[in-house]
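Here's the structure, in structure tokens; my notes come after.
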Amino acid sequence: MKVVQTRVQGLIYRLDNLVLSLIGICLVSIAMVFFGKDIPQNYIKFYVTGLFIIPIGVTVWLAVFNSGKSKVEEYSFSVTEDAIVFRSLSGSDYMPISEYKDYVVKGWWPMTICIIGSESSIKFSQSVFSAKQINQIKNELDRLR
């Protein structure tokens, strides 16, 4: 079984991350103003660059250029005869089937799926995949118990 993130879900996931980042920036900024601190210009430049320009640039690149034979899978989850694998642009998490014990869903927004093994674990945000895909993943993990 293999599940690959759709383009629409990729945009939703990036939007979720952006909203969480904005909430964090707002809370820190409000706290700084409340306690009488000036907000440094470097702070603003860092967050504007790191939280807006770079993510928007990556999103546009993926939406426009990531297609055809050389398409990169942004996020995927697969269960083979031998292993459970979660892949992202930053790398892969691998767990042999023999190590798999259970999975739990943690948090409230965004919820995190934690696949527990005897030697390792795999964690990813539930918002990476659509609700239908998450149900497929959970059903497959339930089958492996």
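The values are calculated or read from the model by the stated rules, or taken from the named source; none is laboratory data. What you see is a predicted model; the values in this text were computed from it and never measured. Positions of Cβ are backbone-derived with ideal geometry, glycine not excepted, and every protein chain shown enters the neighbour counts.
Take the residues in the stretch 14-64 that are within 21 Å of residue 88 (Cα to Cα) and of a type in the set (Val, Ile, Thr); name whichever of them is farthest from the chain's Cα centre (by Cα).
Among those that are within 21 Å of residue 88 (Cα to Cα) and of a type in the set (Val, Ile, Thr), it is 64.
How many residues does the stretch 79-98 hold that are surrounded by fewer than 16 Cβ atoms within 10 Å (Cβ to Cβ) and either charged (D, E, K, R) or touching a residue at least 60 places away in the same chain (Cβ under 8 Å) (or both)?
Total satisfying the criteria: 2.
Among the candidates 80, 6, 59, 49, single out the residue that is among the hydroxyl-bearing types (Ser, Thr, Tyr) and more than 30 Å from residue 137 (Cα to Cα).
Selected residue: 49, the only one of 80, 6, 59, 49 that is among the hydroxyl-bearing types (Ser, Thr, Tyr) and more than 30 Å from residue 137 (Cα to Cα).
If you go through the stretch 47-60 one residue at a time, do you hit one that is more than 20 Å from residue 13 (Cα to Cα) and surrounded by 16 or more Cβ atoms within 10 Å (Cβ to Cβ)?
Checking the stretch 47-60: not a single residue is more than 20 Å from residue 13 (Cα to Cα) and surrounded by 16 or more Cβ atoms within 10 Å (Cβ to Cβ).
Search the stretch 31-54 for residues that are under 21 Å from residue 18 (Cβ atoms) and pair each with any residue that is part of a helix (DSSP H, G or I) and small (Gly, Ala, Ser) when their beta-carbon atoms are under 6 Å apart and the residues are at least 6 apart or on different chains.
39/29; 51/21
Show me the strands (runs of 3 or more DSSP E) entirely contained within the stretch 99-145 in which 3 or more residues are β-branched (Val, Ile, Thr).
Correct list: 112-117.
Do the conditions hold for residue 126, that is, is it within 21 Å of residue 73 (Cα to Cα), in contact (Cβ under 8 Å) with a residue 60 or more places away in the chain and outside the structural domain of residue 13 (by TED's automatic domain parsing)?
No, not satisfied.
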